[in-house]
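What follows is a set of notes on a single structure, which appears directly below.
The values are calculated or read from the model by the stated rules, or taken from the named source; none is laboratory data. Since the model is a prediction, treat every value here as computed from it, not as a measurement. Reconstructed Cβ throughout: ideal geometry from the backbone, glycine too, with neighbour counts over all protein chains shown.
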Amino acid sequence: MSKAPRRLRFGLTVVALELAVVVLGPLWLPDPNAIVDPRGAGLLPPLSKVLVVSLRDGTSLAGSEIVRKPEGLLLRRGSSWEKVPEKLVVSVKPRWYLLGSDALGRDVAARLVKAGQISLSVGVLSLALAVTLGTLVGMAAGLGPRFLDRVLMAFVDAALALPLLFVLLAAGAFLRPSLGTVVLMLGFFSWMGVARLVRGQALLCREQPWFLAAKGLGLKPLRLAFVHVFPHVLTPLTTDATLRLGDLILLEAALSFLGFGVPPPIPSWGSMAAEGFEVWRLAFWLPVFPGFAVALSVLAFATIADGLGELARGERLEGSPA
């Protein structure tokens, strides 16, 4: 068996680290939607520390410095000092913002991790829907009657000719925004490429002697398709699906950036970039972190797909006669 290419190992390492962060990060990061005193903790740069004063009425204040006076606490909120009566104070605790805070004082690191869970989940679920639909249509076109092949491929060609992002934006304008809606939109409008790939592989298998022999034995079409043909489709389908996952993450980010994706207050990398872009002159890092997360994810899945393709080509060369 061929050794895994370096690009494949790099991509798998990046994805494994991303998954570890989005799964384990919420265990020690604060609530991503918790608003902490926008005046005292808003638009903080990375590696900032504030002092959070919890009050008896359930609210909290934040500032960079506290001075204790006999009449109470003096809390520096932004550029001014504010007096807080001692009897109203429940606790004073330091809080670090690893990647800074947004305009509402929410922790960017916590929101980035939560957004990673959302963006990756949307990508995986929509990919599963697209692969399922594409495989069924591709098998029907490649192994079914010729007229069915012509009808299905005419529809696929017409759908592929449309600009996908504009189709998604048009659909999003008429549908109620929700997490499920985004998954369904991405899945239903992304299966055509999968269908074309599966159909091509099925047509290749259709001419093989083993296929003709299996068909001559009277095997049922479903058994013939998914027991005998599908294993030959699986390798190129896996490579295509890995690359497509990065594309779906990018599409979800684009939809959320334009306001047609995951609705607030649920964070996603695209919506975080859009929120940060509004105040980039004051806090340039806010759109940078989610943009980097999207780019890194797309790059990781692209390198995995490239590595899988290289590995498959190497195995075919090893298995071919000299």
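Of the conditions (1) surrounded by fewer than 20 Cβ atoms within 10 Å (Cβ to Cβ); (2) outside any helix (DSSP H, G or I); (3) not charged (D, E, K, R), Ser190 clears all except one; give me its number.
(1)
Within the range 193-222, which residues are within 15 Å of Leu136 (Cβ to Cβ) and out of contact with any His (no Cβ under 8 Å at 6 or more places or on another chain)?
Let us first name the residues in the range 193-222 that are within 15 Å of Leu136 (Cβ to Cβ), namely 193-199, 201-202, 221-222.
Listed by number, the residues that qualify are Gly193, Val194, Ala195, Arg196, Leu197, Val198, Arg199, Ala202, Pro221, Leu222.
Condition check: modelled with pLDDT under 90 and either in contact with a Lys or Arg (Cβ under 9 Å, 6 or more places away or on another chain) or buried (at least 20 other Cβ atoms within 10 Å of the Cβ) (or both). Does Arg7 satisfy that?
No: the conditions fail for Arg7.
Scanning for something among the basic types (Lys, Arg), at pLDDT 95 or above and in a helix (DSSP H, G or I), does the range 136-146 turn up at least one residue?
no
Out of the residues in the range 73-107 meeting the condition of being modelled with pLDDT of 85 or more and of a type in the set (Asp, Glu), tell me which one is nearest to Leu286 (Cα to Cα).
Asp102
Please specify each residue of the range 175-199 satisfying the condition of being under 12 Å from Ser256 (Cα atoms) and not β-branched (Val, Ile, Thr).
Those that are under 12 Å from Ser256 (Cα atoms) and not β-branched (Val, Ile, Thr): Pro177, Ser178, Leu179.
Of the residues that make up the range 118-127, is at least one part of a helix (DSSP H, G or I), in the same structural domain as Ala202 (by TED's automatic domain parsing) and in contact with a Gly (Cβ under 7 Å, 6 or more places away or on another chain)? Explain how you work it out, then say what you get.
Step one: list which residues in the range 118-127 are part of a helix (DSSP H, G or I), which gives 118-127.
Subsequent filtering for residues that are in the same structural domain as Ala202 (by TED's automatic domain parsing) retains 118-127.
Filter again for in contact with a Gly (Cβ under 7 Å, 6 or more places away or on another chain), leaving 126.
Checked against the condition, which is being part of a helix (DSSP H, G or I), in the same structural domain as Ala202 (by TED's automatic domain parsing) and in contact with a Gly (Cβ under 7 Å, 6 or more places away or on another chain), the range 118-127 yields at least one hit.
Of all residues in the range 159-174 being in contact with a helix residue (DSSP H, G or I) (Cβ under 9 Å, 6 or more places away or on another chain) and over 17 Å from Gly261 (Cβ atoms), which is surrounded by the fewest Cβ atoms within 10 Å (Cβ to Cβ)?
Leu160
Consider only pairs whose beta carbons are under 6 Å apart and that are at least six residues apart or on different chains; among these, list those whose first residue lies in the range 40-57 and is touching a residue at least 24 places away in the same chain (Cβ under 8 Å) and farther than 17 Å from Gly72 by Cβ and whose second residue is assigned to a strand (DSSP E or B) and small (Gly, Ala, Ser).
Here the result reads Ala41/Ala62; Ala41/Ser101; Leu44/Ser101; Val50/Ala62, each pair linking the range 40-57 to a residue that is assigned to a strand (DSSP E or B) and small (Gly, Ala, Ser).
Do you know which of the residues in the range 58-74 that are without any contact (Cβ under 8 Å) to a residue 24 or more places away in the chain and among the hydrophobic types (A, V, I, L, M, F, W, C) is surrounded by the fewest Cβ atoms within 10 Å (Cβ to Cβ)?
Checked the range 58-74; the qualifying residue surrounded by the fewest Cβ atoms within 10 Å (Cβ to Cβ) is Val67.
Please list, ordered by residue number, the helices (runs of 4 or more DSSP H) wholly in the range 195-294 having 2 or more residues that are touching a Ser or Thr at 6+ places or on another chain (Cβ under 8 Å).
Filter on the range 195-294 gives 230-257, 269-278.
Determine which single condition Pro177 fails, assuming it passes every other condition in (1) part of a helix (DSSP H, G or I); (2) more than 16 Å from Leu248 (Cα to Cα).
Every condition holds for Pro177 apart from (1).
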